[in-house]
Every structure is written in C-alpha cells, then in structure tokens.
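See structure below.
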Amino acid sequence: MLERVRGCKEAVAKHPDIKIVSIQNGKQERDQALTVTENMLQAQPGLKGIFSVNDNGSLGALSAIEASGLDVKLVSVDGAPEAIKAIQKPGSKFIATSAQYPRDQIRLALGIALAKKWGSQVPATIPVDITLIDQAKAKDFSW
C-alpha cells in the first residue's frame, strides 16, 4: 500500500495545480474508510477528489461522499467487482479504478517462488499489467 501512496504522490507532483491536503489511513476497511472520509470532508469542504489505495476502502469513502452531497470525485486501485458496479452507476462519484489481474499476479508469484527455490536470481521489482477502468470501460471489464 505504501507503494501506491508513493506513486500517487509522484503523479500529483507532476501537476502543480493539484494539491494534496491530507493523507489518512482507512486501514483498507470499509467502515474505517467511511469514518476517515467523513472527517476529511468536514475538515476540507472544498475537496475535489480522493484517491483510495484499495477498492474495499473506497466503497466506504463513496458512502461518505454520497451522504455529504459534495461533488467529490473518487478513484481507487484493484478493479474489484463491487467497485466496477459502483463506477457504472449513472452520476457516480466513483469515477475510476486501476484494475490489477490477480491470476497473472499469482502466476508471477509462483514463478518467482520456484525460481528462488531452484537458486535463481529474481529481479527486485517486477512490473504487472494494470488497466484504468472508468465508466466507459466498466461494463466490459472482468478479471
């Protein structure tokens, strides 16, 4: 999760018109993220967007955003089916998630484990495919 936060900070740094006003920990739990987001929305009434490090927490954040009546956009990471459904709803504040492919990640992990077991060197970092899923892509997306 720390890599996701770091990546978000690096991306935002390239856009001087975007300012990070708060970093909070929803502990990847829907209820915790709901509370954190409610507090954030009260403290930052001019907030325009929220990045969540995972879809489970983002669904709690979405509940808080919807209840607030504020026009705050939400983006997340994972491509979880419930998040995809939320993105598809007309007028949804949840505008995108970057989908990962668990089957591919499992194949990579098994390959790495076997390579290490057999004494091979493995790269410190292995990139994985992701796809940005917005409302236009959500209806056709599945893992």
For the stretch 67-87, give me the residue count where each residue is surrounded by fewer than 15 Cβ atoms within 10 Å (Cβ to Cβ) and assigned to a helix (DSSP H, G or I). 4
For the subset of the stretch 21-40 comprising residues that are within 14 Å of residue 53 (Cβ to Cβ) and β-branched (Val, Ile, Thr), which member is surrounded by the most Cβ atoms within 10 Å (Cβ to Cβ)? 37
Could you check, for the stretch 102-112, whether at least one of its residues is more than 15 Å from the chain's Cα centre (by Cα), among the polar types (S, T, N, Q), farther than 18 Å from residue 75 by Cβ and surrounded by 11 or more Cβ atoms within 10 Å (Cβ to Cβ)? yes
If you go through 5, 36, 12, the only one that is over 24 Å from residue 101 (Cα atoms), touching a strand residue (DSSP E or B) at 6+ places or on another chain (Cβ under 9 Å) and among the β-branched types (Val, Ile, Thr) is 12
Looking at the stretch 6-20 only, could you name the residues that are of a type in the set (D, E, K, R) and either in contact (Cβ under 8 Å) with a residue 24 or more places away in the chain or surrounded by 10 or more Cβ atoms within 10 Å (Cβ to Cβ) (or both)? 6, 9
Within the stretch 120-143, residues being among the hydrophobic types (A, V, I, L, M, F, W, C), touching a helix residue (DSSP H, G or I) at 6+ places or on another chain (Cβ under 8 Å) and either in a loop (DSSP other than H, G, I, E, B) or modelled with pLDDT under 90 (or both) number 5
Any residue that is among the polar types (S, T, N, Q), more than 16 Å from the chain's Cα centre (by Cα) and within 19 Å of residue 87 (Cα to Cα) - is there at least one of those in the stretch 55-70? yes
How many residues does the stretch 41-60 contain that are surrounded by 23 or more Cβ atoms within 10 Å (Cβ to Cβ) and in contact with a strand residue (DSSP E or B) (Cβ under 6 Å, 6 or more places away or on another chain)? 4
Consider residue 96 carefully, then state whether it is in a helix (DSSP H, G or I) and hydrophobic (A, V, I, L, M, F, W, C). no
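The values are calculated or read from the model by the stated rules, or taken from the named source; none is laboratory data. All values reported here derive from a predicted model rather than from experimental measurement. With ideal geometry, Cβ positions are generated from the backbone for all residues, glycine too; neighbour counts draw on all protein chains shown.
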